[in-house]
Ligand code: G6P
């Protein structure tokens, strides 16, 4: 962990993201904290706990500013303050245009192959520009030094790097894109493609999860922007700034904080089965996500149907427990995803359920990290069937939760995590029958093989953990800063 501070000694660290790490909600007149279901937060929060600094994010809970802290500089985590959380408040108009509109109806479907048509509206774009500017102003107001390390997160802030670069030319701006980057044909749908590209190229470093996404990005720049691309060194020079474009596969804290409070795996097995009325001795698969159309939730329910049809011996002896946090529900595509999944689950349950037993239990509710870990530890199989996903940290968290070295991961080939977790049973979520077969294989796998696969995956995640991810980016940033100092001294 010390690499964070060693590489950039004395540097001021700022994280910018839309989603805040602690949401303050008002429940029965009391302020309650919620930790959001967000891969971005899962990954970045341990980094900020380790290295301190300021995290600027959109204040999203139902407890407003005055109920929590008048000047909105909170010291978090509440139990052991390690960094400052500065929240920005957005009007309904800003929120609709920037977050629901441009980010989640435009960029999100543009970047994910899930066959949901991106919608681009000029009014959303205006709010997106305005909110990016609002965050840029906050960075300038919060920065105490002329050369902070600014960690810009995700597709909500494509314009921010350039806006910050113009006002803090010496800042080290590291932007990480947590979702896939599409090929140039798809990217060309975006009416503001040049602005998005040149905004991102204000970054010193631009990171993606995979080499494939870096190539798609460079190809998009090549096609639509006046620039010099050095493919060998993976840099882009546009105007007078140079950006290093590299893959940095994101990961999780190791060991995860949520593991510390967990009872032994067999106790988790019992408590989860008791809680959901699943008979002891029944094999359990779990799925944990936000109710997002990219996650392939209905598809995995169909796969359960296929499993039970092809292997009726599992009828009455297997349950899939799916928890899904409602998300972005103001958008029709998200409400439809939930209805589609509920309909699929009901159809499979009706066809195969008997004597009080049902194959699919769907719990459409947010779960805190500790509860998610208990589910993981109770499971025989964890099922991640994303239709497209930048990385997918659920897969890595499942592996991290299994210090008993048991459990089988069934993982979509279209999640970035499948590049690293090759001992998972890799599936194509569009191929329902093979997904059913993979479930059968996972449920029937001999203990020794389960252990061997889990051990290898745990080795991978423990080494390539979130500190390794941040360390590699900061090492690259430190090199750039040193090289720039040499260049200045030569000039
Ligand atoms: C993905 C995105 C994150 C986002 C998360 C949850 O992981 O890459 O930026 O925070 O989804 O989505 P939400 O819209 O609730 O923040």
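Rounded to whole Å, give me the distance from the Cα center of segment 10-63 to that of segment 467-484. One Cα centre to the other: 24 Å. For segment 182-295, the Cα gyration tensor yields ellipsoid semi-axes of 46, 18, 11 Å (square root of five times each eigenvalue, largest first, whole Å). The mean sequence separation of alpha-carbon pairs under 8 Å and at least six residues apart, normalised by the residue count of segment 62-214, gives a relative contact order of 19 percent. How would segment 378-455 be classified by its alpha-carbon gyration tensor: rounded, prolate or oblate, with rounded meaning a/c under 1.5 and the a/b versus b/c comparison settling the rest? Oblate, since a/c reaches 1.5 and b/c is not below a/b. Taking the Cα centroid of segment 412-462 and of segment 184-228, what is the distance between the two, rounded to the nearest whole Å? Centre-to-centre (Cα) distance: 32 Å. Note on 224, 301: ascending count of other Cβ atoms within 10 Å places them as 224, 301, the fewest first. Working note: Cα atoms of the chain, range along each principal axis, descending, whole Å: 77, 50, 44.
Take every DSSP beta bridge with both residues inside the chain and express the antiparallel ones as a percent of the total, to the nearest 5.
About 25 percent, rounded to the nearest 5.
For the pair segment 354-409 and segment 287-349, the centres of their Cα atoms are 13 angstrom apart. Computed on the chain, with alpha-carbon pairs under 8 angstrom and 6+ residues apart, the relative contact order is 14 percent. The angle between the Cα long axis of helix 39-51 and the main principal axis of the chain comes to about 60°, on a 0 to 90 degree scale. Taking a ≥ b ≥ c as the square roots of the eigenvalues of the Cα gyration tensor of segment 284-439, is the shape rounded (a/c under 1.5), prolate (a/b larger than b/c) or oblate? Rounded.
By definition, a body whose alpha carbon gyration tensor gives a ≥ b ≥ c is prolate when a/c is 1.5 or more and a/b is larger than b/c, and segment 217-258 fits this prolate description. Highest mean packing first, where packing is the average number of other Cβ atoms within 10 Å per residue, the peptides 264-273, 195-204 line up as 195-204, 264-273. In terms of surrounding Cβ atoms within a 10 Å radius of their Cβ, 205, 189, 16 rank from fewest to most as 189, 205, 16.
One chain, two ends: residue 480 and residue 92. Fully extended at 0.36 nm per residue, the span grows by 135.7 nm beyond their Cα-Cα distance.
In the chain, helices alone account for a calculated mean residue ellipticity at 222 nm of -13000 deg cm²/dmol, with every DSSP H run of four or more residues adding -39,500 (n - 2.57).
Note: relative contact order over segment 192-293, using C-alpha pairs below 8 Å and six or more positions apart, is 25 percent.
FYI, it's all coordinate maths here, none of it is from the lab. Since this is a predicted model, take the numbers as computed values, not measurements. FYI the Cβ positions are ideal-geometry reconstructions off the backbone, even for glycines, and counts take in every protein chain you see.
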